[in-house]
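Here the structure comes first, spelled out in structure tokens, and everything after it is commentary.
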Amino acid sequence: MKPSSKFFLFFLSLVISITISNLTFGQKLEELLKQGDDYLDVSFDNQKALDVFQKADKQFPNNWEVNWRLSRVYVYLAERMPESTSAQKDAQLAVYQKAYDYADKAVKLAPEKSITYVRRAIANGRIALFKGVFSVAGVVNSVKADCEKAIDLGNGGNYVQALAHYVLARTNDKVSEKWKPARAILGLGWADMDKAFSEYNIAIKLYPNFRMFYLDYAKALIKEDEYAKAKEMLNKVIASPKRDENDDNQLYEAKNLLEQIKNK
């Protein structure tokens with residue numbers, strides 16, 4: 001066999017080997033991501049999801065899809081941590097911070113993906129609520145900026161875009177609780193309840209029959225004495241199927257609120 005033929009065969013076998021390796025890599029990562037997602041979205045087992053995503057992170061380091069999922073599961077875990085003592089609160093904040101760190105890494109790895117900004121906005125939003133929205137104006141402004149960036153990119157599908165609009169709605173809603181001139185001094189004068197209502201409606205249009213969207217929109221409407229519309233949203237909470245591990249609590253709260261405002 002001529003040297004050139006031997007070189008060609010060697011080069012061909014190398015290309016085939018790399019191709020097979022890449023296919024195996026992709027399939028294996030995809031399987032881990034699906035397994036972790038199923039634990040989160042089907043069986044609602046956050047700890048098992050964390051175990052899977054940590055395994056994926058070890059096998060496939062610096063992968064943006066793994067990192068934003070780790071951020072998501074750490075937010076879920078933090079939300080369910082005890083917070084009665086100072087030590088427990090410190091531990092909870094540390095987990096929220098870990099969620100932020102993973103989301104921030106995902107943004108840096110994939111700055112063109114909406115979901116990375118959405119997850120960073122959610123982690124940052126939890127930190128802001130934990131510390132007090134008006135004591136961390138810079139964090140709140142970052143939440144707004146990340147939501148707007150995710151919306152501007154416009155990718156990830158309806159659920160991702162709905163989440164971006166929902167978080168932006170919640171941010172405007174929460175910040176609007178403070179007197180505008182007072183918050184304007186903090187750099188938060190942009191918040192507006194009409195903007196919150198608009199963003200809630202966009203989120204619902206993009207991803208209907210999701211209890212969390214309807215419930216938080218209803219609570220915002222109640223604050224503005226918009227009772228007829230609030231009742232409509234609360235009834236939609238009741239009519240929507242269970243799609244999230246918090247949906248039982250959302251349903252219970254919606255029924256209680258509906259009872260409280262039935263004569264208004």
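Bear in mind these aren't lab numbers, they're just calculated from the coordinates by the rules spelled out. Keep in mind it's a predicted model, so treat the numbers as computed, not measured. As a convention, Cβ positions derive from the backbone with ideal geometry for all residues, glycine included, and neighbour counts pool all protein chains shown.
Within the bounds of the stretch 172-190, is there any residue that is loosely packed, with under 14 Cβ neighbours inside 10 Å, closer than 22 Å to Lys98 by Cβ and over 15 Å from the mean Cα position of the chain (by Cα)? No, the conditions are met nowhere in the stretch 172-190.
Only residues that are surrounded by fewer than 19 Cβ atoms within 10 Å (Cβ to Cβ) and among the aliphatic types (A, V, I, L, M) were counted across the stretch 28-79, and they come to 4.
Can you pull out the residues in the stretch 213-235 that are closer than 21 Å to Ala162 by Cα and either of a type in the set (Val, Ile, Thr) or free of Cβ contacts under 8 Å to residues at least 24 places away in the same chain (or both)? Across the stretch 213-235, the qualifying residues are Lys229, Glu232, Met233, Asn235.
Within the stretch 22-81, the set of residues being part of a helix (DSSP H, G or I), under 22 Å from Ala123 (Cβ atoms) and aromatic (Phe, Trp, Tyr) comprises Tyr39, Phe53, Trp64, Trp68, Tyr74, Tyr76.
Residue check: Glu199 meets all listed conditions (1) out of contact with any His (no Cβ under 6 Å at 6 or more places or on another chain); (2) in a helix (DSSP H, G or I) but one, namely (1).
Considering the conditions (1) part of a helix (DSSP H, G or I); (2) charged (D, E, K, R); (3) surrounded by fewer than 20 Cβ atoms within 10 Å (Cβ to Cβ), Glu112 is excluded by exactly one of them, (1).
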